[in-house]
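Peer 1: One structure follows; several queries about it will come next.
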Amino acid sequence: MSVVERQEWDVVVIGAGGAGLRAAIEARERGARTAVICKSLFGKAHTVMAEGGIAAAMGNVNSGDNWQVHFRDTMRGGKFLNQWRMAELHAKEAPDRVWELETWGALFDRTKDGRISQRNFGGHEYPRLAHVGDRTGLELIRTLQQKIVALQQEDHKETGDYESRLKVFQECTVTRVLKDGERVSGAFAYERESGRFFVLEAPAVVIATGGIGKSFKVTSNSWEYTGDGHALALLAGAPLLNMEFVQFHPTGMVWPPSVKGILVTESVRGDGGVLRNSEGKRFMFDYIPDVFKEKYAQSEEEGDRWYEDPDHNRRPPELLPRDEVARAINAEVKAGRGSPHGGVFLDVSTRMPAETIRRRLPSMYHQFKELADVDITAEAMEVGPTCHYVMGGIAVESDTAAARGVPGLFAAGEVAGGMHGSNRLGGNSLSDLLVFGRRAGVHAAEYAAGLAGARPPVDDIEVDTAAAEALRPFSAEGPAPGQPEAAGGRPPENPYTLHQELQQAMNDLVGIIRREGEMEQALEKLADLRVRAGRAGVEGHRQFNPGWHLALDLRNMLLVSECVARAALERTESRGGHTREDHPTMDRDWRRINLLCRLTDPAAGPVPAQAAGEAEVVGPIILTRETTEAIRPDLLALFEKEELVKYLAEEELYE
Ligand code: FAD
C-alpha cells in the first residue's frame with residue numbers, strides 16, 4: 001500500500017473559476033470546512049478571461065426587462081432543450097447575484113444616472129450584460145478572491161489559522177473522485193510542481209472544472225480545459241447530458257496562426273460592429289432563420305437605427321444567437337467570399353470614433369495591436385468560428401446541483417449540463433456560475449452536515465489504484481520516446497502526438513458542420529487513440545513534468561470527445577450548436593429527447609474502481625435516450641402559441 005497524505009474536509013470544490021469560488025464561499029458561510037483545489041494558479045481560471053459581461057435582467061438600461069423576458073430569451077437561444085427549471089432559477093436569481101458582487105467590492109461600469117450599466121448581446125432582447133469594460137471576468141474573479149481572503153481573515157481571528165475553514169490548493173490536479181460504495185468519499189490529486197500525491201477526504205465534492213475546448217484544434221480555451229470534470233463524473237458513475245452541443249463562437253482570431261482561435265468578444269457586435277464578406281456585403285441579413293424573422297431588422301438602416309432607438313426598431317442580425325452567426329460565417333467562407341486568411345471581416349472602425357473604441361473595447365484594441373499588428377480603430381478585424389463552450393455536461397438536479405445517481409457529488413458552471421439547452425447566449429455563463437455555484441455550495445454543505453458522524457471512509461485500495469493509474473505513463477511498454485525500440489515490446493506513444501491527432505480529428509470530423517460518415521470515422525479514430533493512449537509514455541520524473549500531465553489529461557479528453565461524437569451521431573437533426581449537413585433542419589420530435597452518456601451500463605451496475613484502474617484507458621461510452629421533462633404550463637404561457645408551434649413536439653402541444 002502506498003503512503004499518501006490525507007486531509008479531512010467537509011466539502012471539496014474542484015475548480016477555482018467563478019462557479020468553484022462561489023460554491024466554496026457559500027459552503028464555508030454555511031459552516032462547512034471547505035477546500036478548493038485548482039489546476040493552475042489561484043485566480044487564473046477561464047472565468048478571468050470573460051470579457052463581455054454578466055447577463056442579469058436588472059432593467060437598468062431598459063425598464064422593459066425582467067426575469068420572464070430573460071427566461072424566454074434563454075429558452076429561445078437553447079432552442080427549447082434547456083432544463084427549463086434551471087433557466088427559470090437562473091433568470092430569477094441572476095440580478096441578486098450581481099448586486100451581491102457589488103456588496104463584496106465589485107465595481108461595474110455605470111449608466112449616466114449611476115446605475116450598473118448593461119450592454120447588448122446576441123439573443124438578449126434588452127441591454128442586459130453588466131460589465132466592466134471588456135474585462136468583466138477579471139473583476140468577477142478579483143471580487144470572489146477578495147471575499148475568500150476576507151473569510152480567511154475572519155477565521156484567523158477566531159482560530160489563529162487562516163486556512164482552518166477555507167483553504168485553496170493551487171496548481172494541483174484531481175485525477176479521481178473517490179467513493180465508498182455509491183457515495184462520494186473524497187478526491188485523489190497530485191501537485192503539479194512536485195508530483196506528490198495526496199487525498200482530500202470529504203463526503204461532498206463539487207465539480208466546477210469548466211470546459212472541454214482543448215480537444216479541438218481551433219479553440220478560445222486555454223490549456224486547462226481538458227474536460228477533467230466531465231471525465232471525473234463519468235468515472236464516478238454519473239451520466240453526462242447532451243454532449244453533442246458544443247458552441248463554436250463565431251468570432252475568433254484567424255491570423256496569425258499562433259493566435260488562431262483566440263476570442264474576439266461579442267461586445268464588438270453588441271456595441272455596433274458589423275460583419276462583412278470580401279465583397280463588402282453585410283451578409284447576416286441573408287441568414288435570418290424563420291424562427292427569428294419577426295425579431296430582427298430586414299435592412300441595414302433599420303438595424304442601425306436600433307442602436308439609438310431599440311423600442312421602435314428591430315435589432316441587426318449580427319446579434320443573432322452564436323450558432324446562427326457561426327454557421328453564416330462558415331457558409332460565406334465556403335462560398336469563396338471569405339477574408340484573405342479564411343475568415344470574414346468584423347468592422348468597428350467605420351462605426352465608432354477611435355476614442356470610443358479604445359474606451360469600450362480596450363482589451364480587443366490591445367489584443368489585435370499586439371498579436372496581429374492590426375489597429376481596430378482604423379481597419380477591420382479578420383474573424384472566424386472557434387470552439388468556445390460546451391453546453392453538454394454533468395446531468396444535475398436543477399434546484400440542488402446534485403449530480404444524478406452519485407450521492408455527495410455536485411456540479412456547477414460550464415461542467416454542468418442542461419441550463420443552456422442546445423446553445424448558450426453570451427453573458428449567460430457568468431450568471432450561471434454565480435447562481436448555480438451558490439446553489440451547489442448550499443446543498444453540498446447541507447449534505448455534508450446531514451451525514452454528521454457517518455462520513456464515508458476512503459478505501460486504501462482505491463487510493464492505491466488511483467496512484468497506479470497516475471503512474472502508468474512512467475512504465476509504458478517499450479522504450480521511452482526518443483530511445484531505441486526494445487525487441488518485441490510495443491513502442492510507447494508520445495502524448496503530444498496523440499493530443500494533436502485528437503484535436504485534428506475532432507476539428508475535422510466532429511466540428512461545426514457534421515456528417516454521419518465523418519463522425520463514424522471519428523469514433524474509429526477515437527477507439528484507436530484510446531488504445532494508443534494506454535501506451536502514452538513519458539521520460540523523466542514526477543517533478544514538474546508537462547508531458548506526464550498531458551498523458552493523464554488524455555484519458556479525460558478521449559472520454560469527453562467520444563461522448564461528443566457518439567451523441568452527435570445519434571441526434572439526427574440540427575439544433576443550436578449541433579449542425580448536421582445530412583439532417584439540416586430542427587426536428588420538433590427531437591425536443592423531447594435528451595441523450596445521456598455513461599461509462600457503465602446502468603442495468604449492469606458500476607464498473608468496480610479496481611477494474612477501471614487496471615484498464616489501459618477506460619471506455620467505451622454507452623449512450624441512452626431519455627424523455628425530457630414537460631415544461632411547466634405557467635412558463636409555457638410566457639410564449640405566444642405561434643412561437644411554441646415552431647419548437648414543441650406535436651404531442652406536447654396537445655398536452
Ligand atoms: P472555469 O473558470 O473554467 O474554471 C475551472 C477551474 O477548474 C479552474 O480553476 C481550473 O484550474 C480547474 N480545474 C480544471 N480541471 C481540474 C482538475 N482536474 N483538478 C483541479 N482543478 C481543475 N461567459 C460569459 O458569460 N460572458 C463573457 O463575457 C464570456 N467571455 C468569455 C471569454 C473567453 C475568452 C472565454 C474562453 C470564455 C468566456 N465566457 C464568457 C465563458 C465563461 O468565461 C466560462 O464559461 C466560465 O468562466 C466557466 O467558469 P467555470 O467556473 O465553470 O470554470
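Peer 1: What is the magnitude of the charge dipole of the stretch 262-361 about its Cα centre, with +1 placed on the Cβ of each Lys and Arg, -1 on the Cβ of each Asp and Glu, and no other charges, expressed in debye to the nearest 20?
Peer 2: Value, rounded to 20: 360 debye.
Peer 1: Can you check how the C-alpha radius of gyration of the stretch 416-477 compares to 2.2 N^0.38 Å, as a plain ratio?
Peer 2: Taking N as the residue count of the stretch 416-477, the ratio is 1.81.
Peer 1: I'd like to know which of Val13, Leu138, Ser40 lies farthest towards the positive end of the charge dipole of the stretch 1-146, counting +1 on Cβ of Lys and Arg and -1 on Cβ of Asp and Glu.
Peer 2: Ser40
Peer 1: Select from Val348, His443, Ile621 the residue farthest towards the positive end of the dipole of the chain; place +1 on Cβ of Lys and Arg, -1 on Cβ of Asp and Glu, and compute about the Cα centre.
Peer 2: Selected residue: Val348.
Peer 1: Right, something else. Return the inverse of the average 1/r over all pairs of distinct C-alpha atoms in the stretch 273-317, which is the Kirkwood hydrodynamic radius, in Å to one decimal. Walk me through the numbers on the way to the answer.
Peer 2: Working: mean 1/r = 0.0922 Å⁻¹.
Hydrodynamic radius (Kirkwood, Cα only) of the stretch 273-317 equals 10.9 Å.
Peer 1: Give me the Kirkwood hydrodynamic radius of the stretch 133-180, using the inverse of the mean 1/r over all pairs of distinct Cα atoms, in Å to one decimal.
Peer 2: Its Kirkwood hydrodynamic radius stands at 13.1 Å.
Peer 1: What is the projected area of the convex hull of the Cα atoms of the chain, averaged over all directions, in nm²?
Peer 2: In nm², the orientation-averaged hull projection of the chain is 29.3.
Peer 1: Now for a different question. Classify the stretch 21-94 as rounded, prolate or oblate, taking a ≥ b ≥ c as the square roots of the eigenvalues of its Cα gyration tensor: rounded when a/c is under 1.5, otherwise prolate if a/b is larger than b/c and oblate if not.
Peer 2: Because a/c hits 1.5 or more and a/b exceeds b/c, the stretch 21-94 counts as prolate.
Peer 1: Go through 141-151, 200-210, 238-248 and give me the packing order, highest mean Cβ count within 10 Å leading.
Peer 2: Ranked by mean Cβ neighbours within 10 Å, highest first: 200-210, 238-248, 141-151.
Peer 1: So which cysteines of the chain have no other cysteine's Cβ under 4.7 Å from theirs?
Peer 2: Cys38, Cys172, Cys387
Peer 1: Still on this structure, I have one more. Could you give the DSSP H helices of the chain that reach 24 angstrom or more along their long axis (alpha carbon positions) and whose average Kyte-Doolittle hydropathy is no lower than -1.0?
Peer 2: Going by DSSP H runs, the hits are 84-103, 136-159, 428-451, 516-533, 546-570.
Peer 1: Same structure again: Using only Cα atoms, figure out Rg for the stretch 298-404 and give it as a multiple of 2.2 N^0.38 Å.
Peer 2: After normalising by residue count via 2.2 N^0.38 Å, the value is 1.39.
Peer 1: Moving to a separate point now. Return the sequence-ordered ³J(HN,Hα) values of the stretch 184-199 in whole Hz as given by the Karplus equation 6.51 cos²θ - 1.76 cosθ + 1.60 applied to θ = phi - 60°, using x for Gly and Pro.
Peer 2: Once rounded to whole Hz, the list reads 5, 10, x, 9, 9, 9, 10, 7, 5, 6, 9, x, 5, 8, 8, 10.
Peer 1: Pick out, from Gly252, Met381, Gly427, the residue whose Cα sits farthest towards the positive end of the charge dipole of the chain, with +1 on the Cβ of Lys and Arg and -1 on the Cβ of Asp and Glu.
Peer 2: After comparing all options, I get Met381.
Peer 1: Out of all DSSP beta bridges with both ends in the chain, state the antiparallel percent to the nearest 5.
Peer 2: Numbers: 44 of 68 bridges.
DSSP beta bridges in the chain are roughly 65 percent antiparallel.
Peer 1: Taking the Cα centre of the chain as the origin, how large is its charge dipole in debye, to the nearest 20, when only Lys and Arg (+1) and Asp and Glu (-1) carry charge on their Cβ atoms? Present the calculation step by step, with values, prior to reporting the outcome.
Peer 2: Working: 77 positive and 98 negative charges, 122 e Å.
Using Cβ point charges on Lys, Arg, Asp and Glu, the chain gives about 580 debye.
Peer 1: How high is the relative contact order of the stretch 57-129? Use alpha-carbon pairs under 8 Å, at least six apart in sequence, and give a whole percent.
Peer 2: Normalised by residue count, the contact order of the stretch 57-129 is 39 percent.
Peer 1: What 222 nm value per residue comes from the helices of the chain, counting each DSSP H run with n ≥ 4 as -39,500 (n - 2.57) and dividing by all residues, nearest 500 deg cm²/dmol?
Peer 2: Numbers: 19 runs with 236 residues, N = 655.
The per-residue figure over the chain is -11500 deg cm²/dmol.
Peer 1: Ok, one more. Averaging over every viewing direction, what projected area does the convex hull of the Cα atoms of the stretch 321-480 cover, in nm²?
Peer 2: One quarter of the hull surface, i.e. the mean projection, equals 16.9 nm².
Peer 1: If you don't mind, there's one more thing I want to ask. May I ask you to evaluate 6.51 cos²θ - 1.76 cosθ + 1.60, the Karplus curve with θ = phi - 60°, for each residue of the stretch 394-407 and list the ³J(HN,Hα) values in order in whole Hz, giving x for glycine and proline?
Peer 2: Result, ordered by residue: 4, 6, 10, 6, 4, 6, 10, 6, 6, 5, 5, x, 10, x Hz.
Peer 1: Testing the spin-label approximation: label points 7 Å from Cα along Cα→Cβ at Glu581 and Glu171. State their distance in nm.
Peer 2: About 4.6 nm, to one decimal.
Read-outs: derived from the displayed coordinates by stated rules, not from any lab. The model shown is predicted, which means the values in this text are computed figures rather than measured ones. So basically every Cβ, Gly included, is an ideal-geometry build from the backbone, and we count neighbours across all protein chains shown.
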